[in-house]
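Report on the following structure.
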Amino acid sequence: VISLAPALSEIILELGASDLLVGQVAGAETPENMAAVPEVGRYDQLELETLISLQPDLLLAWSDSLSNAQRSQLKQLDIPLYEVAPRNLAELGQLFAELGAQLGKAERGRQLQQQFDAGVSALRLRYRRTQAVSVFYQVWQQPLYTLGGRQIVSDALEVCGARNVFAELSLPAPQVSIESVLAKNPQVILLSNAQQAAAWQVWPQIHAVRLGQVWAVPDSGLERPSFQMLGALEQLCQQLQQAR
C-alpha cells in the first residue's frame, strides 16, 4: 500500500497494518515510527517514478487533496486507487471498518469504529447545549481561509456544542473576507497557528477579540482525520467550554 495522505498513514498504523505500507507522502505530521517508509513526494507534487518503483498493490488517497490532473495520472498507472472523503465523524468511524476490510484487518477496523463512535457520542452528550457557541475557524491568514460546513472539523464543532459561522459554505476551505467575519461576529476565533492571533487585535469590535477568545486549536490532530482525532476532539470541547 502507498498512502497519499498523512491521516491515512496514521489509520494504517492504528489498524496494525503498518507492515503493508511501502510508501507515503512527505508531511510534518508523519508518525515517528513511519519515518523509515519511503516518501513519494508531497501531496501536491507526487514523484510518479518513485511511486511506480515501489510496486504497490493499492493506492490510498484523500479525495480533496487530489487535483483532477493527479487523479488522471494515477489512474493511468493501472494501480487500484481507493479514494476516501469522510465529511463528518460518523463517516470517519465507518472508514476504519472499510479500510480494515481492505487491508485484511476487518476485526480491528470494526473495533476502532465502535470505540470511536462511542467516544464521539459521549462527548456529544456531555457538551450538547441549546445555545451553540459561534466559532470562526481560521485555516490561513493571507488570504483569509476558513472551513466550510461539509468539512469534518465543522462537525467536530457541533459535537462540542458550537457552530461554524461559515457552515453554509460548501467548499472544503473557502476564502472569506475580513468584512464577512466582522458581520458574523463570532464568540470564538480558532486558529490553526498561534502566530495568527496578533493580527486580530486590530478588530476589538469582534466579540471573540473583545473577550480574549482568540485561541490556537489545542491539538493539531483535529485536522488529521484518524482515530487520534478523538483525543483532539475532547481537548477542543474542553477549550470551547471556557467560552460559556
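Among the residues that make up the stretch 168-183, is at least one of them under 10 Å from PHE136 (Cα atoms), in a strand (DSSP E or B) and not polar (S, T, N, Q)?
There is no residue in the stretch 168-183 that is under 10 Å from PHE136 (Cα atoms), in a strand (DSSP E or B) and not polar (S, T, N, Q).
Condition first: small (Gly, Ala, Ser), open to solvent by 20 Å² or more (accessible area, probe 1.4 Å) and free of Cβ contacts under 8 Å to residues at least 12 places away in the same chain. Can you find one or more residues in the stretch 225-244 that meet it?
The answer is no, given that none of the residues of the stretch 225-244 is small (Gly, Ala, Ser), open to solvent by 20 Å² or more (accessible area, probe 1.4 Å) and free of Cβ contacts under 8 Å to residues at least 12 places away in the same chain.
Any residue at all in the stretch 62-73 that's among the hydroxyl-bearing types (Ser, Thr, Tyr) and surrounded by 14 or more Cβ atoms within 10 Å (Cβ to Cβ)?
Checked the stretch 62-73: at least one residue is among the hydroxyl-bearing types (Ser, Thr, Tyr) and surrounded by 14 or more Cβ atoms within 10 Å (Cβ to Cβ).
Go through the stretch 199-235 residue by residue and tally those that are in contact with a Phe, Trp or Tyr (Cβ under 8 Å, 6 or more places away or on another chain) and not in a loop (DSSP other than H, G, I, E, B).
Count: 4.
Being open to solvent by less than 50 Å² (accessible area, probe 1.4 Å), more than 24 Å from ARG129 (Cα to Cα) and not charged (D, E, K, R) is true for just one of TRP215, TRP200. Which residue is that?
TRP200
A quick yes/no check of all residues on (1) closer than 15 Å to ASN88 by Cα; (2) of a type outside the set (D, E, K, R):
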position: GLY149; (1), (2): yes, yes
position: SER154; (1), (2): yes, yes
position: GLU158; (1), (2): yes, no
position: ALA216; (1), (2): no, yes
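Cβ-Cβ below 8 Å, separation at least six or inter-chain, first residue in the stretch 187-199 and closer than 17 Å to GLN238 by Cβ, second assigned to a loop (DSSP other than H, G, I, E, B) and open to solvent by 60 Å² or more (accessible area, probe 1.4 Å): which pairs?
Pairs that qualify, where the first residue is closer than 17 Å to GLN238 by Cβ and the partner is assigned to a loop (DSSP other than H, G, I, E, B) and open to solvent by 60 Å² or more (accessible area, probe 1.4 Å), are GLN187/LEU211.
Return yes or no: is GLN131 open to solvent by 60 Å² or more (accessible area, probe 1.4 Å) and assigned to a helix (DSSP H, G or I)? Write out each step before concluding.
Values: open to solvent by 60 Å² or more (accessible area, probe 1.4 Å): yes; assigned to a helix (DSSP H, G or I): no.
Judged against the criteria, GLN131 is not a match.
If the requirement is being charged (D, E, K, R), modelled with pLDDT under 95 and more than 17 Å from the chain's Cα centre (by Cα), which of these qualifies: ARG108, ARG129, ARG150?
Exactly one residue qualifies, and that residue is ARG129.
Could you name every one of the helices (runs of 4 or more DSSP H) located completely within the stretch 1-114 that has at least 1 residues being of a type in the set (D, E, K, R) and under 29 Å from SER154 (Cα atoms)?
Those helices (runs of 4 or more DSSP H) span 6-14, 68-76, 89-102.
So, in the stretch 200-224, of the ones that are free of Cβ contacts under 8 Å to residues at least 24 places away in the same chain and of a type in the set (A, V, I, L, M), which residue ends up farthest from LEU147 (Cα to Cα)?
In this case the residue turns out to be VAL202.
The values are calculated or read from the model by the stated rules, or taken from the named source; none is laboratory data. Predicted model, so just to flag it, every value in this text is computed and none were measured. In this analysis, Cβ positions are derived from the backbone assuming ideal geometry, glycine residues included, and neighbour counts consider all displayed protein chains. Ligands, DNA and RNA are stripped out before the accessible areas are found, and what is left, the full protein with its side chains, is counted by its heavy atoms. Shrake-Rupley method; radii C 1.70, N 1.55, O 1.52, S 1.80 Å.
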